[in-house]
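**Student:** My questions will all concern the structure given below.
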Amino acid sequence: MKSHAILVGVLVSAFSITGCNSHEMKTAPVGFLSQPELMKKGSGETWTYTAPNINWSSYTGVYVAPVAISAGAMDGEVSENADDLPGLATTFQNALITALTAQYSAAPAAAPNVLVIRAQITKAQPNKPARNILPQTQIGGTGYGFGEVAIEVVDGGTKTVLYEFAGVQNTSRFSSEKMSTWGSLEKSFTTWSTELAKVCGVK
């Protein structure tokens, strides 16, 4: 009986510890952001840089460029889900536009007094909903997806980098997003767009 209790305790502990994925961005991403060397590590999931003395009120428009997709976004995984990435990039672009045009007018291109938003999906791991139906199938988080992005805000006139962000959005064991293939990544689009809008002075 005692050994059975110990075994149950070990399994519960393992489930509690490994029941969610915990991908981290240990270094600032390179290859897309203009000045990643300026970024500082925040939490285990974010890196940021903010230029000093930004006057957000001097900007009247915003141009959100088409969202890029890293060549290694799915780590070389051969999957039918890879065909979804262009549509997901458009979804992310639209989320950014919606969040930022609450304060700024939509601009057709970079120009003086216009904020230029550049973004890239750097990692995109789909959920595996069939593995997430029952609690006992979630040990290790093997069915959990995650997303990773890089975002840059540039002055459309001077090309000065105003803000850079890179972050990971992990799947929570208790989230409903894990029950759809791209639910976790799509939730992150809303999260990141809302946070970016706050940084850019959207009220």
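**Student:** Could you check the simple spin-label distance between Thr191 and Asn53, using points 7 Å along Cα→Cβ, in nm with one decimal?
**Tutor:** 3.5 nm
**Student:** Separate question: Using mean Cβ contacts within 10 Å as the protection proxy, how do 159-169, 54-64 order, highest first?
**Tutor:** On the way: 159-169: 19.5, 54-64: 16.3.
Top of the packing list down: 159-169, 54-64.
**Student:** Taking the Cα-to-Cβ direction at Thr27 and at Ser105 and moving 7 Å from each Cα, how far apart do the two end points lie in nm?
**Tutor:** 4.4 nm
**Student:** Can I ask one more? Spin-label point model (7 Å from Cα, Cβ direction): what's the Asn113 to Lys159 distance in nm?
**Tutor:** Distance between label points: 2.3 nm.
**Student:** Further question on the same structure: May I ask you to compute the full-extension gain from Ala71 to Thr46, defined as 0.36 nm times their residue separation minus their alpha-carbon distance, rounded to one decimal in nm?
**Tutor:** Working: separation 25, 0.36 × 25 = 9.00 nm, distance 2.09 nm.
So the extension gain works out to 6.9 nm.
**Student:** Now a separate question. Anything over 22 Å Cα to Cα? Flag those among Lys41/Lys123; Lys41/Lys203; Lys26/Lys123, in the order listed.
**Tutor:** Numbers: Lys41/Lys123 18 Å; Lys41/Lys203 26 Å; Lys26/Lys123 14 Å.
Beyond 22 Å: Lys41/Lys203.
**Student:** Also: Hey, which aspartates and glutamates would be in cross-link range of Lys128, C-alpha to C-alpha under 15 Å, not counting anything within fewer than 8 residues on its own chain?
**Tutor:** Result set, ordered by chain and number: Glu77, Glu80, Asp84, Glu177, Glu186.
Here, each number is a calculation from the coordinates, and none is a lab measurement. Bear in mind that the values here come from a model prediction, so they are computed numbers and not experimental data. Glycine also receives a Cβ, built like all others from the backbone with ideal geometry; neighbour counts cover every protein chain displayed.
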